[in-house]
1. Please report, in debye to the nearest 20, how large the charge dipole of the chain is about its Cα centre when each Lys and Arg carries +1 at its beta carbon and each Asp and Glu carries -1 there.
2. Arranged from highest to lowest average of other beta-carbon atoms within 10 Å per residue, in what order do the peptides 101-108, 42-49 appear?
3. Going toward the positive end of the dipole of the chain, with +1 on Lys and Arg Cβ and -1 on Asp and Glu Cβ, which of Ala40, Val119, Ala102 do you reach last?
4. Sorted from largest to smallest, which semi-axis lengths in Å does the alpha carbon gyration tensor of segment 29-78 give for its equivalent ellipsoid, taking the root of 5 times each eigenvalue?
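Just so you know, all these numbers are worked out from the coordinates, no wet-lab data involved. This is a predicted model, so every value here is computed, not measured. Neighbour counts are summed over all protein chains in view; Cβ atoms, including those assigned to glycine, are modelled from backbone coordinates with ideal geometry.
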Amino acid sequence: QVQLVESGGGLVQAGGSLRLSCAASGRTFSNYAMGWFRQAPGKEREFVATISWSGGRTSYADSVKGRFAISRDNAKRTVYLQMNSLEPEDAAVYYCAARLYATSSQPHEYTDWGQGTQVTVSS
């Protein structure tokens, strides 16, 4: 099990940028694939991005491809989500999540979740 704490959310104008961080503690971080998900009010939690344990493989939702970038620093036990060209539709609570070894876009396949960080985008 890993404990996850997100940070970096806030209010930004459309077209702006934010970088989210997710700090992990507990078990060996480098064994875990990591994912970012988001949930807007009244909507289901949706996949944003995922990264393999080594950082060598990434995958993105079509809605964020080319605008968002996921990365990780295993020495710092942290995963990042760089969000550029933000749109009002990106506003949501963003969660990071962990699962052993393989990446996945399915929320139910992740075993550990953070508390979330709010991202608000003004038009």
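1. I would put it at about 360 debye.
2. 42-49, 101-108
3. Checking the options against the dipole of the chain, the answer is Ala102.
4. Details: eigenvalues 97, 32, 14 Å².
Square roots of five times the eigenvalues give 22, 13, 8 Å.
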